[in-house]
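Here the structure comes first, spelled out in structure tokens, and everything after it is commentary.
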Amino acid sequence: MKDAQKPDHVSLTSLINRLRDGSYVIPDFQREFEWNPGDILALMRSIFLDYYIGSLLLWKGKTENFTALACEPIYGHDVGNGNQSTIVLDGQQRLTAMYYTFCAPDVRLPNRANRYLYFIHVDRFMDESYDTAFYYDWTRRGLNLLKNEEAQFKGHIFPLAVVGEGGWALPNWAQKYERYWQQKAIDAREEGDIAKAESAQHHADNADTFGKYLEEITVEYQVAFIELDQDIEIDKVCDIFTQINSRGRRLDIFDLMNALLKPKGLQLKHMWRKVESQLDFVETDRMNVYILQIMSILRQNYCSPKYLYYLLPEQERTVRGSDGSLKKEILVPDTTDFEQRWEQAVKALEEAIELLRSPQEFGAISSKYLPYISILPVFAALQAYSRQLPPNQRLDTKRKIRHWYWASVFTNRYSGSVESTSASDFIAVKNWFKNNDAKPDMIAEFRLRFRELDLNRETKRGTSIYNGIFNLLVLREARDWITGNAPRPDDLDDHHIVPKSWGKKVGLSNRIDTILNRTPLTSETNREVIRDTLPNSYLPKLIDASSEDTVRAILESHFISPAAFDILLRQPFEKEDFEAFIAERQRTLKEAIEDLLIKERLDLVPKLRELDAKIENVELGLRQTIVKDLKNDVSQLPSHIHQSVKQRLLAATKKNPELDEDYYQQLSGMLEYCDLRELQATLTNKTIWSIFQERFRNKEMVDRRFEQLCELRNGIRHSRTVSEVAQKEGEAAIVWFEQILGM
């Protein structure tokens, strides 16, 4: 029968060969490839741990079908190789992720500015630390590593792109990796370093085992698929596609844990029912699982289903010691301990929800404005862990959690593969608590990527960035347009600034719904002020009722700048004016993200926030003055400062290979890595003081003003109480420097 389904399977090697050859194509009615880096990573982990990844639905293609469905190559594949043979009906995301990882095309990942490469830490994989064994890299460091086999062998890094090269590439890599460490073992024995030789031999043995495992998994791992006959009618194919995408029930780890705990005398479902009403702020059917995940993260860092199993009372877990030996341990000794950990996790979740919904803390005043529900377990676990630290450390840890949280929101970090992301983030942020220099890489990613955000595209409430912007507006205490007061959380919604009805008339479609045209307003303001009228109609009425300065100040609390305000008043207000308005508001919001989140001024009261910005401007002015007066001559920089900066630059380059080394060899670049005290030491250095003397005149006054400025700056930046005297003296120092620098 031509309609018959043909269940079959294909090995990973054969599947990759077909992907590389361009056999698979995607019909136009499929959605775009949209997996994020973490989703791809989770798939790789599943494949290499020999987990089932679901079946594919394929359709054997022919020319008229390729044309009728406007088929295109898999994302990243070269167009026009003529090898297309199979249409992908279900499984596009998985197949595209495999192609992107194994064949490593030189294209950026969708919705990302960079190309992403995927690797395995061989040593961690062999130690069965699977949650941290797989990683991706989007920097120049990853590109350099891909080209440098010796660096791969030395660092025990296997590029998954090797799998996609085909032929003998994979066994050759494994053999060379083993030979590298065999030679290291030989060299160490000749040097008489027995410990080093044994370590190198251990790596060589691991390389051999890993190579055999790679060969086995790529040949024997099977992906199931069903292939429809090429002569089946298109309408039937579309009907099948619709059916498979409209049903299916998720298997829940909570139900499994409940069944496993019953023989031990614990009724997990009953425990959940007792606390369910306490956690009903968030609308999700995963909240009971989140409690288990918090328990797991706090006990063992990880929270995937495999690790939840080890929460069972008296359940043994095998762990590898630092010496390589294996031992057994029990994480939860009895049911009493399990119940205590459950109660601790419930409390952590309650407190986390209260923080997130607070209009003063995170601004998710309603569950519909929570950027991520899936971030709750790790957020709650970090907050709970922070509360266990000594009191003098908690303020700094709260600041770091806040920074991590907002970085996650604006990089879409928790849109997929949340279990492995939660584990890696919990470990990374804990390390950051202990060591200020151990700032997680995702913080740097946030700093680089926030400028690339296209807020125009954020038109749908519920996405992390849309909700994140709304949360910032709440935190900014965006004031009501009628009363001038901060609205109550229970009477607040996001409404259009330029009416939706007007947008439809001029053909803006869903562009009118962008977060750039929305802001938190009360229903009364929306009903009584805006209605369906344009801003050039309702704003003059508000001005007549109070004053222009008052109205401008209120709208500035909504990140509507004076320039944006003027655009809204244009007569007539046309489509081009709308585009100008949202462009200006996007600029203002990005500046706010940088000021409040990246420069971490969100926790400061408005006055200190303003002073912190002024101190930053003074610091920038000092750098520019030093560069100008020293004619950008780096040799003039005092030697001890020069040496300190070089060390910092070396460390920064290792963390971020994309830094422009040529720029940072110049004085202007080096001064970016100097603190205020080093700028002071440069200005007052006896060798070069004469260059600055005409401008600053009195060295003692310079030292005094720096003392005042630094005391205020340190109080603000390190979250210490700033006394009234310190604030006044700091303000005087700011004014003095502004006058000297001509600011």
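The values are calculated or read from the model by the stated rules, or taken from the named source; none is laboratory data. Because the structure is a prediction, the values reported are computed rather than measured. Glycine also receives a Cβ, built like all others from the backbone with ideal geometry; neighbour counts cover every protein chain displayed. Accessible surface areas use protein heavy atoms only, side chains included; no ligands, DNA or RNA. Shrake-Rupley method; radii C 1.70, N 1.55, O 1.52, S 1.80 Å.
Of Gly507, Gly503, Gly468, all but one fail to be small (Gly, Ala, Ser) and buried (at least 22 other Cβ atoms within 10 Å of the Cβ); the exception is Gly468.
What are the residues in the stretch 144-170 that are of a type in the set (A, V, I, L, M, F, W, C) and farther than 22 Å from Leu19 by Cα, if any? Of everything in the stretch 144-170, those that are of a type in the set (A, V, I, L, M, F, W, C) and farther than 22 Å from Leu19 by Cα turn out to be Leu145, Ala151, Phe153, Ile157.
Taking the stretch 630-743 and the helices (runs of 4 or more DSSP H) fully enclosed by it, the elements with 1 or more residues that are basic (Lys, Arg), open to solvent by 40 Å² or more (accessible area, probe 1.4 Å) and under 23 Å from Glu600 (Cβ atoms) are at 639-655, 676-683, 699-717. Out of all the residues in the stretch 580-599, is one or more in a helix (DSSP H, G or I), without any contact (Cβ under 8 Å) to a residue 24 or more places away in the chain, open to solvent by less than 80 Å² (accessible area, probe 1.4 Å) and hydroxyl-bearing (Ser, Thr, Tyr)? Looking through the stretch 580-599, none of the residues is in a helix (DSSP H, G or I), without any contact (Cβ under 8 Å) to a residue 24 or more places away in the chain, open to solvent by less than 80 Å² (accessible area, probe 1.4 Å) and hydroxyl-bearing (Ser, Thr, Tyr). Selection of the stretch 474-513 for residues being farther than 22 Å from Leu569 by Cα and either among the basic types (Lys, Arg) or not in a loop (DSSP other than H, G, I, E, B) (or both) yields Val474, Leu475, Arg476, Arg488, Pro489, Asp490, Asp491, Asp493, Ser509, Asn510. Of all the criteria given as (1) open to solvent by 30 Å² or more (accessible area, probe 1.4 Å); (2) part of a helix (DSSP H, G or I); (3) farther than 19 Å from Gly38 by Cα, the one not satisfied by Lys439 is (2).
Looking across the stretch 537-573, the residues that are open to solvent by 20 Å² or more (accessible area, probe 1.4 Å), in a helix (DSSP H, G or I) and in contact (Cβ under 8 Å) with a residue 12 or more places away in the chain come down to Pro540, Lys541, Leu542, Thr550, Arg552, Ala563.
Note on the stretch 148-230: enclosed helices (runs of 4 or more DSSP H) holding 2 or more residues that are touching a Gly at 6+ places or on another chain (Cβ under 8 Å) are 169-190. What are the residues in the stretch 110-152 that are farther than 18 Å from Asp441 by Cβ and open to solvent by less than 10 Å² (accessible area, probe 1.4 Å), if any? Matches in the stretch 110-152: Val122, Gln152. Determine, yes or no, whether Arg476 is closer than 19 Å to Tyr414 by Cβ and either basic (Lys, Arg) or surrounded by 15 or more Cβ atoms within 10 Å (Cβ to Cβ) (or both). When the stated conditions are applied, Arg476 does not pass them. Does the stretch 342-376 hold any residues that are among the small types (Gly, Ala, Ser) and either modelled with pLDDT under 95 or open to solvent by 40 Å² or more (accessible area, probe 1.4 Å) (or both), and which are they? Those that are among the small types (Gly, Ala, Ser) and either modelled with pLDDT under 95 or open to solvent by 40 Å² or more (accessible area, probe 1.4 Å) (or both): Ser358, Gly363, Ala364, Ser366, Ser367, Ser374. Say whether the condition of being over 26 Å from Leu539 (Cβ atoms) and assigned to a strand (DSSP E or B) is met by at least one residue in the stretch 450-471. Scanning the stretch 450-471, I find at least one residue that is over 26 Å from Leu539 (Cβ atoms) and assigned to a strand (DSSP E or B), so the answer is yes. Filter the stretch 183-197 down to the residues that are among the acidic types (Asp, Glu) and surrounded by 13 or more Cβ atoms within 10 Å (Cβ to Cβ) and list them by number. Selection gives Asp187, Asp193.
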